[in-house]
Amino acid sequence: MKPFKFNYLRPTSVEETLQYLEEYGEEAKILSGGQSLIPVLNMRLSTPKYLIDIGKVEGLNYIREEDGYIAIGALTRHVDVEKSQIIREKCPLLSEAIHWVGHAQIRNRGTIGGSIAHADPSAELPCVITALRGEIVIASTSGEEIVSPEEFFLTYLLTSLQPDQMVKEVRFPVLNPSSGSAFVEVARRHGDFGIVEVAAVVDLDEKGEISFARIAVGGASPVPCAVEPAEEFLIGKSPTDEVLKEASDMAAESVEPDGDMHASADYRRELTGVMTLRALKLAVDRSKECTRI
């Protein structure tokens with residue numbers, strides 16, 4: 001199929017983009033990398049009257065460290081994140097997860113802001129930013145605001161983003177050098193959206209006990225799910241097999257999976273526990289390597 005007829009707009013600045021959004025509101029859609037939007041348009045699941053192509057907007061393509069975060073502009077492409085030395089050093093969880101995003105051709109075109117705004121609960125970046133408790137910078141003609149992933153992701157493919165707003169920047173916290181992280185995923189084939197994916201971060205203190213823990217699950221709930229009960233349970237405990245297994249069981253209990261043609265709800269729940277255990281063990285081993293415990 002082909003998309004419904006639309007008016008094509010190509011701003012060159014954030015200000016111009018926001019003016020278009022204020023003027024056309026719900027009748028407009030933003031096009032950045034197009035890897036998610038173009039298929040939706042072709043299937044006519046969305047029929048905007050105005051398509052705002054922000055590919056030439058200046059000042060939205062960057063990766064920089066500031067105030068304890070890795071700040072990434074909305075137009076930064078996946079491949080730029082994949083090649084970034086600062087992300088490999090400061091936020092290895094994101095560096096590991098980005099390799100799971102589609103195929104090389106998709107990563108060459110897809111953008112960080114587009115992936116976050118599309119809000120597919122099986123996508124890798126929403127899972128990572130949920131695990132790390134990152135921040136999303138939203139802009140409109142009225143100014144900017146910062147929202148948490150919990151505030152931003154509402155349900156499947158739906159966010160708190162208003163018709164006159166756009167994602168301007170995404171912020172991932174810099175990880176402690178002694179922490180270990182892991183991103184694991186099960187998909188029908190590499191490059192597909194994950195059936196279930198888990199992002200985990202663990203930091204061990206000088207006694208070898210867990211002093212910091214972050215866990216998020218994607219693909220098993222309408223939005224990426226931060227597993228706070230399991231995180232709290234792990235703090236102060238030695239990372240034995242029994243402790244990690246109990247935390248993974250808590251993760252499986254916390255999700256609300258739906259069944260579909262790819263996997264039943266029961267399978268997704270079971271897989272959540274298995275993948276959480278795998279991610280936690282990897283994260284613990286990597287933290288031990290960093291701290292030489």
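The values are calculated or read from the model by the stated rules, or taken from the named source; none is laboratory data. Since the structure is predicted, the reported quantities are computational estimates derived from the model, not experimental observations. No Cβ is skipped: glycine too gets one built from the backbone with ideal geometry, and neighbour counts run over all protein chains shown.
Of all residues in the range 224-250, those satisfying the criterion of being assigned to a loop (DSSP other than H, G, I, E, B) and either farther than 24 Å from Ala263 by Cβ or in contact with a Leu (Cβ under 7 Å, 6 or more places away or on another chain) (or both) are Ile235, Gly236, Lys237, Ser238, Pro239, Thr240. When Ala279, Ala226 are checked against the criterion of being hydrophobic (A, V, I, L, M, F, W, C) and crowded, with 23+ Cβ neighbours inside 10 Å, Ala279 stands alone in meeting it.
Report yes if Ser115 is crowded, with 23+ Cβ neighbours inside 10 Å and not in a strand (DSSP E or B), otherwise no. Spelling it out, Ser115 is indeed crowded, with 23+ Cβ neighbours inside 10 Å and not in a strand (DSSP E or B).
Mind checking whether some residue in the range 121-130 is over 12 Å from Val223 (Cβ atoms), assigned to a loop (DSSP other than H, G, I, E, B), at pLDDT 95 or above and not assigned by TED's automatic domain parsing to the domain that holds Gly218? No, the range 121-130 has no match at all. Hey, among the residues in the range 251-293 that are of a type in the set (D, E, K, R) and outside any helix (DSSP H, G or I), which one's farthest from Glu89 (Cα to Cα)? It comes out as Asp260. Tallying residues that are outside any strand (DSSP E or B) and over 27 Å from Asp258 (Cβ atoms) within the range 137-161 yields 2. Among the residues of the range 58-79, those identified as among the hydrophobic types (A, V, I, L, M, F, W, C) and part of a loop (DSSP other than H, G, I, E, B) are Leu60, Ala74, Leu75. When Arg64 is tested against the conditions (1) surrounded by 14 or more Cβ atoms within 10 Å (Cβ to Cβ); (2) within 30 Å of Val174 (Cα to Cα), the lone failure is (1). Out of Ile52, Ile86, Ile112, Ile70, one residue alone is within 22 Å of Pro149 (Cβ to Cβ) and either touching a residue at least 60 places away in the same chain (Cβ under 8 Å) or touching a Phe, Trp or Tyr at 6+ places or on another chain (Cβ under 9 Å) (or both). It is Ile70. Residues that are small (Gly, Ala, Ser) and farther than 26 Å from Leu18 by Cβ within the range 149-181 comprise Ser178, Ser179, Gly180, Ser181, listed in sequence order.
All of (1) in contact with a Leu (Cβ under 9 Å, 6 or more places away or on another chain); (2) surrounded by 15 or more Cβ atoms within 10 Å (Cβ to Cβ) hold for Arg107 with one exception: (1). Quick one: would you say Asp164 is under 26 Å from Lys237 (Cα atoms) and either in contact with a strand residue (DSSP E or B) (Cβ under 8 Å, 6 or more places away or on another chain) or of a type in the set (Gly, Ala, Ser) (or both)? So Asp164 fails the test. The residues of the range 193-247 that are among the hydroxyl-bearing types (Ser, Thr, Tyr) and in contact (Cβ under 8 Å) with a residue 24 or more places away in the chain, listed by number, are Ser211, Ser221, Ser238.
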